[in-house]
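In what follows, a structure is listed as structure tokens, so that the remarks can point back to it.
Bear in mind these aren't lab numbers, they're just calculated from the coordinates by the rules spelled out. For clarity, every value in this text was computed on a predicted model and none was experimentally measured. Because the Cβ atoms are built from the backbone with ideal geometry, glycine has one as well, and the counts that use them run over all protein chains shown.
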Amino acid sequence: MHLSATRGLAALYGANESGSAPYVRAKTFLESVAKGEVLICSTTTERGTDNLHPLCEACWSEEGWRLSGTKHFVTMSPLATHVATNVRMRDVDGDHIANVLLPMNTEGVRPQGDWDALGMRASGSQSVQFDDCLVPHDGLCKIGPWGRWSTPVLVNRTLANVPLVGAFLGIAETAFQYALDAQSTAQSAKPRPGVHHALADMEISLAKAQSILARLGTRLDDFMAATTRGATAIWVVNRHAIDITSQAMDLCGGGGYLARNPLSRLYRDVRAGPFMQPYSPIDAREYTGKVLLRAYPEE
């Protein structure tokens with residue numbers, strides 16, 4: 001979350017002329033990040049909509065933009081000094097998706113303290129309400145048309161989500177190693193029937209997930225435009241990570257279901273992977289097909 005926001009600031013810093021107001025602001029802010037004075041949480045999630053149709057809206061006023069709405073899954077927000085989020089913004093030029101970066105102590109920013117999930121309990125992903133928050137007139141950055149994919153939105157979401165998928169792959173790797181160690185140290189000298197096949201299936205699935213994510217990482221490093229590949233890789237890795245962790249539970253038996261067993265936490269946490277937008281299982285195939293037919297991005 002923090003690094004995806006600072007990447008955008010670094011791009012802004014590099015795109016502006018030295019000494020200009022945007023350059024100076026970005027430089028000063030990045031220096032504060034480097035000193036450990038700033039920690040940024042980031043969110044796009046809202047109830048009942050998707051990334052392309054944010055309902056949180058910034059409305060123009062004489063004093064600045066007035067931001068209202070609620071964001072969910074604001075990971076790391078209990079510790080963050082700033083929050084970055086996408087909002088709806090309408091002006092004489094049209095209807096836009098805009099990005100805003102606000103200090104968490106801005107008047108009207110209200111953390112809800114409601115994070116109580118099945119898994120990922122340490123992530124602090126509470127909801128945050130924005131109640132008529134004042135944003136300076138130059139505090140919004142347009143990144144695309146509201147309701148449509150654009151290159152900046154695609155790049156931002158892909159680069160932000162690939163590290164998240166890596167975390168879920170790590171859960172699967174840990175679950176696999178736990179299951180392997182449990183079988184290797186079992187008191188029985190002869191494994192139960194089917195154990196060898198189950199371990200082999202897990203190893204194959206893990207190899208596929210690792211390979212596709214590694215390939216995507218290379219393509220992103222080289223080109224930063226692998227949006228279709230990104231949707232495919234995210235879908236494959238999340239599916240295999242869930243399957244591998246579930247198989248680890250099967251191999252370890254009822255002991256893996258106990259709260260004190262590490263597998264029980266891994267099993268809960270890995271299930272959150274497909275919820276990370278964009279490219280959830282519900283829309284990944286439709287999105288990929290439209291990219292292949294050149295329907296996305298529209299500009």
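Give the Cα extents of segment 1-133 along the principal axes, in whole Å, largest first.
Over segment 1-133, Cα extents along the principal axes are 48, 39, 26 Å.
Identify the residues of segment 47-71 with backbone N under 12 Å of a label point that sits 7 angstrom from the Cα of D95 along the Cα-to-Cβ direction, or state none.
53-55, by backbone N distance to the label point.
Quick one: angle between helix 2-15 and the longest Cα principal axis of the chain, in degrees between 0 and 90, rounded to 10, please.
With both axes taken from Cα atoms, the answer is about 40 degrees.
Obtain the nm distance between the two label points defined at L159 and R192 by a simple spin-label model: each point lies 7 Å from its Cα along the Cα-to-C-beta direction.
Placing both labels 7 Å along Cα→Cβ, they lie 4.8 nm apart.
Out of A233, A34, A58, any idea which swings most in a Gaussian network model of the chain, alpha carbons joined below 10 Å?
Greatest mean-square fluctuation among the candidates belongs to A34.
Please give the Cα centre distance for segment 156-181 versus segment 117-151, rounded to the nearest Å.
A separation of 24 Å, based on Cα centres.
Among rounded, prolate and oblate, which fits segment 47-116 when a ≥ b ≥ c are the square roots of the eigenvalues of its C-alpha gyration tensor, a/c under 1.5 means rounded, and a/b larger than b/c means prolate? Each step should come with its number before you reach the end.
Details: a/c = 2.31, a/b = 1.44, b/c = 1.61.
Since a/c reaches 1.5 but b/c is at least a/b, the shape of segment 47-116 is classed as oblate.
Exceeding 28 Å between C-alpha atoms, which entries from my cross-link table qualify? They are K27/K142; K71/K208; K208/K290.
On the way: K27/K142 20 Å; K71/K208 34 Å; K208/K290 25 Å.
With Cα atoms farther than 28 Å apart: K71/K208.
What distance in nm separates the two pseudo spin-label positions at R110 and R260, each 7 Å out from Cα along the beta-carbon direction?
4.3
Pairs of alpha-carbon atoms within less than 8 angstrom and 6+ residues apart define the contacts here; what relative contact order does the chain have, in percent?
Details: 472 pairs, mean separation 46.2, N = 299.
Dividing the mean separation by the residue count of the chain yields 15 percent.
Taking Cα pairs under 8 Å and at least six residues apart, what relative contact order does segment 39-145 come out at, in percent?
Values: 249 pairs, mean separation 34.0, N = 107.
The normalised contact order for segment 39-145 reaches 32 percent.
Where the only charges are on Cβ atoms (+1 Lys, Arg; -1 Asp, Glu), what is the dipole of the chain about its Cα centre, to the nearest 20 debye?
Working: 28 positive and 30 negative charges, 193 e Å.
Dipole of the chain, to the nearest 20 debye: 920 debye.
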